[in-house]
Amino acid sequence: MKLPVYILVMLLFFITPAVLSQTCDSVKECNCALNDRSPAGIMLAHEHSKGVWKFSYRYMNMAMNGNLLGTQKVDDNFVFNNYIMSPQNMRMDMHMLMAMYGITNRLSVMAMFNYNVLDMNMSMLPTTLHVHGAGTTSAKSTHVMNTKTSGLGDIQLYAVYSLLNKSDQLLLLNGGVNIPTGNIYNKGNSSDLMYPSQQLPYMMQMGSGTVDFMPGLTYLMLVNKFSWSTQVTSVIRPFMNTRNYRLGNEGTLNIWAAYQWFNWLSTSLRLEGIAKGEIVTKDAALSTVMEPSANAKNYGGKNINSYIGVNFYLNKGFLENSKLSMEYGMPLYQNINGIQLAQKSTIYAGWMISF
């Protein structure tokens, strides 16, 4: 892929001896970017001292390709037994802006805003009669069709409280609320062969459409240049949205370890386990025979992902107290509900600054 190469070149361009600096040696000594060894894909891994601000930008790219039924790969012919169209691949890009502030030495608050870009390709069942807007039909052979959508996502607000903050250990309790600002009424363009002026499926919408609750717990230990952490987070969705469905609840377990090779460089390894529930009820505007992602039963499942990451610590000029990070991940195990696109890779990249 070209994208990781571009990001790596960008990072290496900025990482020169002129901008490298000594990092902090303990959690209490410096609650800032220079002491944050967490991987790029981890949020809420530390709190801030009173009066400290942190701003960050994080980019996420997820690539999906081919279809799974449970843990087994299935081809287009299998999908066409139940659906008119078969997913081929999908790309999800998310741009996240975050601001965090330390109210006290134990309590911090954070707000996150995101912008999503979704791109999906599908092939149609051979010889399917495709209905056009004027009511005419024409025979179509198998070919790939594309649909895209983009927009602002949901806003997330968090509070992070330090239950334990020693020189070598940190225990954090966090609670979040999802504000449903993302559009769940996105429709395809009039020229879209897949969804011409019709409601797009759940995974092509910008948010959940509901107020959700996001509790979590993080434990971090530092031993000289080595650090490790375990984090449990969740998304609880008790309400139905205005389209009369709700996304499934989610639970995530992250275990990661990092090593500080130099005062300006650390690397990390991470394992991530995710469990997601099915969508409850369905959007009445979607035809369940159109394609798998239009069927509410084809959502949720269990995933185990592995990641390798790198952090660069900067402390000169306008880069003072900042961190550049990157992480690349691949799935180790996927057991999904129904038929879904298989996850192939995930990339995180970000920049964080504190003052």
**Fill in**
In segment 252-341, the trypsin sites (Lys or Arg not before Pro) that sit in a DSSP loop and have at most 16 other Cβ atoms within 10 Å of their own Cβ are 282, 297, 316
**Prompt:** Which one of 235, 144, 117 has the biggest mean-square fluctuation once the chain is modelled by GNM with Cα springs under 10 Å?
**Reply:** 144
**Message:** Spelling out what I want: for every residue of segment 334-340, take phi, set θ = phi - 60°, compute 6.51 cos²θ - 1.76 cosθ + 1.60 (Karplus), and round to whole Hz; glycine and proline get x.
**Reply:** 9, 9, 9, 7, x, 9, 9
**Asked** Which angle between 0 and 90 degrees, to the nearest 10, do you get for helix 2-14 versus the longest principal axis of the chain when only C-alpha atoms count?
**Response** 20
**Request:** Please report how far the C-alpha centroid of segment 86-116 lies from that of segment 260-295, rounded to the nearest whole angstrom.
**Result:** 15
**Asked** Using only Cα atoms, what is the ratio of the radius of gyration of segment 2-354 to 2.2 N^0.38 Å?
**Response** 1.08
**Prompt:** In segment 208-282, how does Rg compare with the Kirkwood Rh, expressed as the Rg/Rh ratio over alpha carbon atoms?
**Reply:** 1.20
**Asked** Hey, which lysines would be in cross-link range of residue 187, C-alpha to C-alpha under 20 Å, not counting anything within fewer than 8 residues on its own chain?
**Response** 148, 282
**Fill in**
Of the listed pairs 50/323; 54/316; 54/225; 323/344; 297/344; 225/344, those with alpha carbons more than 25 Å apart are 323/344; 225/344
**Asked** Using only the Cα atoms of segment 154-296, what do you get for the radius of gyration and for Dmax, in Å?
**Response** 20.1, 60
**Message:** Through the Karplus equation 6.51 cos²θ - 1.76 cosθ + 1.60, θ set to phi - 60°, convert the phi angles of segment 208-225 into ³J(HN,Hα) values in whole Hz; use x for Gly and Pro.
**Reply:** 7, x, 9, 7, 10, 10, 9, x, x, 9, 10, 10, 10, 10, 10, 10, 6, 8
**Complete:** For residue 344, the residues 5 or more places away or on another chain with a placed amide H closer than 5 Å to its own amide H are 63, 64, 65
**Item:** Nonlocal amide H pairs with residue 164, under 5 Å, H built at 1.01 Å
**Value:** 171
**Item:** MRE, 222 nm, helices only [DSSP H, n ≥ 4, -39500 (n - 2.57), over the chain, to nearest 500]
**Value:** -1500 deg cm²/dmol
**Request:** Kindly identify segment 246-335 as rounded, prolate or oblate by the Cα gyration tensor criterion: order the square roots of the eigenvalues as a ≥ b ≥ c, call it rounded if a/c is under 1.5, otherwise compare a/b with b/c, prolate if a/b is larger, else oblate.
**Result:** prolate
**Asked** Counting pairs of alpha carbon atoms under 8 Å apart in space and at least six apart in sequence, what relative contact order in percent does the chain give?
**Response** 21
**Asked** Quick one: 197, 49, fewest Cβ neighbours within 10 Å first, how do they rank?
**Response** 197, 49
**Request:** Work through the residues other than residue 295 whose Cβ is under 11 Å from its Cβ and net out their charges, Lys, Arg +1 and Asp, Glu -1.
**Result:** -1
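All of the numbers you see were taken from the coordinates with simple rules; none came from a lab. Since the model is a prediction, treat every value here as computed from it, not as a measurement. Ideal geometry is used to build each Cβ from the backbone, glycine not excepted, and the neighbour counts take in all protein chains shown.
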